[in-house]
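A short worksheet on the structure shown next.
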Amino acid sequence: MPASSHGDSDGPTRVDVDWYSLDESCSHEEFLAVARVYAREVVAEYDLSASVSDLTWEVSTRAKRRAGAVKYRDGDPVSVTLTWAHFANRGWAATAATIRHELIHVHLLNEHGDASHGERFCRLAERLHTHVHCDRFVPPEWWVVCTDCGARLARYRQSKLVTDPAQYRCGDCGGAFRVERNDDCDAVGDD
């Protein structure tokens, strides 16, 4: 269901992703300012127990596998990090879905001390029209491929599995692995 069908109002609301005009030409500060405004609207619309102002909002320019994250200390949420590459590659609508995702984590930490993607999370994700896990938004540097069943594992760093695949077996079928460099990868470094 699209974000524009949220709530009981007759017209567009500030929870609608189309309400915002934001692209990758903005600064990180502008990006975070819009993210916080949007987050406040989501909290109000869905009556979440999250205080956007009490959280530190950050941009990650290094993350390649996660679109966002909530950091917490002693069970209390302290910050929300949004990944710039996710925004640049997938756009504002995908980032808005990630903000809703992260606000569910904040809410569940506040209400139940639960940071998981469990049953409560899944119910709220459906209600807030967001994902439980994000799609790949940066190509991996390597694919680790099972020679028997063809299972493919994305790898972004030169891990032990990448450097010595003979020491490992496929969890699905027990087959051997081979490593393929991803020719479509434009990633730089070992992040």
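Read-outs throughout are calculated quantities, based only on the coordinates presented, and are distinct from any laboratory measurement. What you see is a predicted model; the values in this text were computed from it and never measured. Because the Cβ atoms are built from the backbone with ideal geometry, glycine has one as well, and the counts that use them run over all protein chains shown.
Figures for the structure shown
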{"quantity": "Computed over the range 94-134: relative contact order in percent, which uses C-alpha pairs under 8 Å that are six or more apart", "calculated": "46 percent"}
{"quantity": "Relative contact order for the chain, counting Cα pairs under 8 Å that sit 6 or more residues apart, in percent", "calculated": "16 percent"}
{"quantity": "Among VAL144, HIS129, SER21 the positive-end extreme of the charge dipole of the chain (Cβ point charges)", "calculated": "VAL144"}
{"quantity": "ASP54 versus TYR168: modelled label distance in nm, points set 7 Å from Cα along the beta carbon direction", "calculated": "4.0 nm"}
{"quantity": "Net lengthening on full extension, THR61/GLU126 (0.36 nm per residue, minus Cα-Cα)", "calculated": "20.6 nm"}
{"quantity": "Base-10 log of normalised Debye intensity for the chain (one unit scatterer per alpha-carbon) at q = 0.12, 0.15 Å⁻¹", "calculated": "-0.68, -0.95"}
{"quantity": "Farthest toward positive dipole pole in the range 25-90 [+1 Lys/Arg, -1 Asp/Glu at C-beta], among PRO77, ALA39, VAL59", "calculated": "VAL59"}
{"quantity": "Kyte-Doolittle at least 0.0, axis length at least 27 Å by Cα - qualifying DSSP helices, the chain", "calculated": "92-112"}
{"quantity": "Test item: Cα-centred dipole of the chain, Lys/Arg +1 and Asp/Glu -1 on Cβ, debye", "calculated": "720 debye"}
{"quantity": "Diffusion coefficient, µm² s⁻¹, Stokes-Einstein with Kirkwood Rh over alpha-carbon pairs of the range 85-191 at 10 °C and 1.306 mPa s", "calculated": "98 µm²/s"}
{"quantity": "Rough spin-label spacing in nm, given labels placed 7 Å along Cα→Cβ, for TRP84 and ASP183", "calculated": "3.1 nm"}
{"quantity": "Using a Förster distance of 41 Å, the FRET efficiency for CYS149-SER116 (Cβ separation, nearest 0.05)", "calculated": "0.90"}
{"quantity": "Mean residue ellipticity (222 nm) of the chain, computed from DSSP H runs ≥ 4 via -39,500 (n - 2.57), nearest 500", "calculated": "-10000 deg cm²/dmol"}
{"quantity": "Given charges at Cβ of Lys, Arg, Asp, Glu: the chain dipole, positive-most of PRO165, ALA115, ASN89", "calculated": "PRO165"}
